[in-house]
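Bear in mind that the values in this text are calculations on the coordinates, not laboratory data. Everything numeric here is computed off the predicted structure, so don't read it as measured data. As a convention, Cβ positions derive from the backbone with ideal geometry for all residues, glycine included, and neighbour counts pool all protein chains shown.
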Amino acid sequence: MKELEKGLLRILPPARVKTRLIDRYAYASDASHFFLLPKAVVQPESIEEIKNCLHFPKSIIYRLRSGAGGTSLSGQGVTDGILVDLSNYWRKVVAENNGNSVRVEPAVIGSYVNHALKPYGRKIGPDPASITAAMMGGILSNNASGMCCGVVQNYITR
Ligand SMILES: Cc1cc2nc3c(=O)[nH]c(=O)nc-3n(C[C@H](O)[C@H](O)[C@H](O)COP(=O)(O)OP(=O)(O)OC[C@H]3O[C@@H](n4cnc5c(N)ncnc54)[C@H](O)[C@@H]3O)c2cc1C
């Protein structure tokens, strides 16, 4: 564990490497009935830092999680490896092309994207019932759908 912590601290500052038991427990569950205690929770804030986290160490199972989302029902949001939490720094949303497209970072909550698109009379295709908590990283990775989006409206260009 000490080795793991030392290695992570070479990549990220101490404030963004969480190895205390209380912090690991705080991130140990999603909305499923599974419970996995991560070895560490890390919070990268740049693409370079994310790349470094994913390259280190190869034997450890890591899992990206947009953050407070964690609404997955089948244990997708938990890991006993390294949990890469993106919730604090990845919340940008920019409507483009007169609202016909939107560029989002992974920790933007789905309903917030719809809020940003409202002036253009547009919304994103996926409409999971958890849209006020689920984040774009989780919505895309899970290919989340909803009662209204069917197949056609669920199309998203990544
Ligand atoms: C009350 C309730 C209602 C729900 N209703 C629906 C519904 O109608 N339709 C539906 O499809 N689902 C539904 N779900 C399931 C779940 O909410 C969705 O799948 C949602 O999209 C998950 O988003 P999240 O941000 O919570 O992701 P998380 O649970 O945090 O993560 C989901 C998966 O995505 C991965 N992931 C997250 N962020 C990233 C990233 N940045 N890069 C790479 N991988 C990433 C995680 O590793 C994990 O495997 C519901 C859940 C609840 C609790």
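Straight-line reach only, C-alpha to C-alpha below 26 angstrom: list the lysines that Lys92 could link to, leaving out same-chain residues fewer than 8 apart.
Lys18, Lys51, Lys118, Lys123
Among the complete DSSP H segments of the chain, which ones combine at least 24 Å of alpha-carbon extent along their axis with a mean Kyte-Doolittle hydropathy of 1.6 or more? Don't jump to the answer; show the numbers that get you there.
Values: long enough: none.
Going by DSSP H runs, there are no hits.
Based on the Cβ-Cβ distance from Glu48 to Val94, what FRET efficiency comes out when R0 is 22 Å, to the nearest 0.05?
Working: r = 21 Å, r/R0 = 0.97.
The computed FRET efficiency comes out at 0.55.
Alpha carbon centre of region 1-55 versus region 73-139: separation in Å?
Going from one Cα centre to the other spans 22 Å.
Using 0.36 nm times the number of residues separating Ile22 and Leu37, minus their current alpha carbon distance, what extension gain do you get?
Numbers: separation 15, 0.36 × 15 = 5.40 nm, distance 1.05 nm.
Value of the extension gain: 4.3 nm.
Once the principal axes of the Cα atoms of the chain are found, what is the range along each, listed largest first in whole angstroms?
52, 33, 24
Under the definition of Cα pairs under 8 Å and six or more residues apart, what whole-number percent is the relative contact order of the chain? Spell out each step's value before the answer.
On the way: 291 pairs, mean separation 28.4, N = 158.
Once divided by the residue count of the chain, the mean separation gives 18 percent.
Over region 93-154, what is the relative contact order in whole percent, taking alpha-carbon pairs under 8 Å and six or more residues apart?
This gives 32 percent for region 93-154.
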